[in-house]
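Colleague: Take a look at the following structure, please.
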Amino acid sequence: YNKILNKDKLLTILDTYKKNKDISYTNYILNTLKDEAIANNDLATVLKYDKEIDEYEKEIQKKDFQFKVKTYEKKIDVAKKEKLIAQQKSVISNNKLLILSLLIAILSLAFGTVLYYFRKRKKAAQAETIRQEQFTFQLLQNTEEERSRIAGELHDSVNHELLNIKNSLI
C-alpha cells in the first residue's frame, strides 16, 4: 500500500467534489482516505470516513433509485404515448373506412341514378317506337280501307254505268 503524499491537496479536492455533489468521486476519495487510515491504524478516522462513505453510498442508492423511478416513468410515458398513437391510428383507419364506404355509396347512388335515367330513356324510346309502329299500322289500315271503299265505289259505279249503258242499248 502506498502512502498518500499530499493529503491536504486530496482533502481540498474532496471538498470541491462535495460542493459539486459529485457523489461517485467523493466516495472514491473517501475510500482512499479510509484505506490510508486503516494502514495507519487510525480507527477514529476510519470510523469517521466509514460514516461518510455510508452516507454517500446511501446517497448513491437514493440517486440510483431516483434514476430507476425516472426511467420507469419515462417507460410508462412512452407506453401511454404508444397506446395513444395506436388509438389515433385506429380512429384514422376507421375514418378512412367510413370515407371509403361513403364514397362507394355515393358512386353506387350516382351509377344507379344514371342507370335508371338510361333505362327510362330506353323505355320511352321503346314506347315511342311502339306508338310510331301503331300509328303506321293504323295509317296503313286506314289507307287500305279507303282503297277498298274507293275500289268498291268505282266498281259499283262502273258496273252501274255499264248496266245503264247495256239497258239503254237493249
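Colleague: Out of 85, 104, 53, report the one residue that is surrounded by 10 or more Cβ atoms within 10 Å (Cβ to Cβ), aliphatic (A, V, I, L, M) and in contact (Cβ under 8 Å) with a residue 24 or more places away in the chain.
Modeller: Unique residue meeting the criteria: 53.
Colleague: Looking at the stretch 17-30, I want the residues that are open to solvent by 100 Å² or more (accessible area, probe 1.4 Å) and have a partner that is modelled with pLDDT under 85 and part of a loop (DSSP other than H, G, I, E, B) with Cβ atoms under 8 Å, at least 6 apart or on another chain. Which pairs are those?
Modeller: Here the result reads none, with nothing in the stretch 17-30 linked to a residue that is modelled with pLDDT under 85 and part of a loop (DSSP other than H, G, I, E, B).
Colleague: Follow-up question, since we're still on this one. Somewhere in the stretch 62-70, is a residue surrounded by 10 or more Cβ atoms within 10 Å (Cβ to Cβ), in contact with a helix residue (DSSP H, G or I) (Cβ under 8 Å, 6 or more places away or on another chain), under 30 Å from residue 37 (Cβ atoms) and not small (Gly, Ala, Ser)?
Modeller: Yes, because at least one residue in the stretch 62-70 is surrounded by 10 or more Cβ atoms within 10 Å (Cβ to Cβ), in contact with a helix residue (DSSP H, G or I) (Cβ under 8 Å, 6 or more places away or on another chain), under 30 Å from residue 37 (Cβ atoms) and not small (Gly, Ala, Ser).
Colleague: May I ask you to verify whether residue 132 is open to solvent by 100 Å² or more (accessible area, probe 1.4 Å), modelled with pLDDT under 95 and either of a type outside the set (Val, Ile, Thr) or within 30 Å of residue 23 (Cβ to Cβ) (or both)?
Modeller: no
Colleague: To continue, here is another question. Are any of the residues in the stretch 124-137 of a type outside the set (Asp, Glu) and in a loop (DSSP other than H, G, I, E, B)?
Modeller: No, there is no match, as no residue in the stretch 124-137 is of a type outside the set (Asp, Glu) and in a loop (DSSP other than H, G, I, E, B).
The values are calculated or read from the model by the stated rules, or taken from the named source; none is laboratory data. Remember, it's a predicted structure, so these values are computed and weren't measured experimentally. Cβ sites come from the backbone with ideal geometry, for glycine too, and all protein chains shown count toward neighbours. Keep in mind that these areas ignore ligands, DNA and RNA; they rest on the heavy atoms of the full protein, side chains included. Shrake-Rupley method; radii C 1.70, N 1.55, O 1.52, S 1.80 Å.
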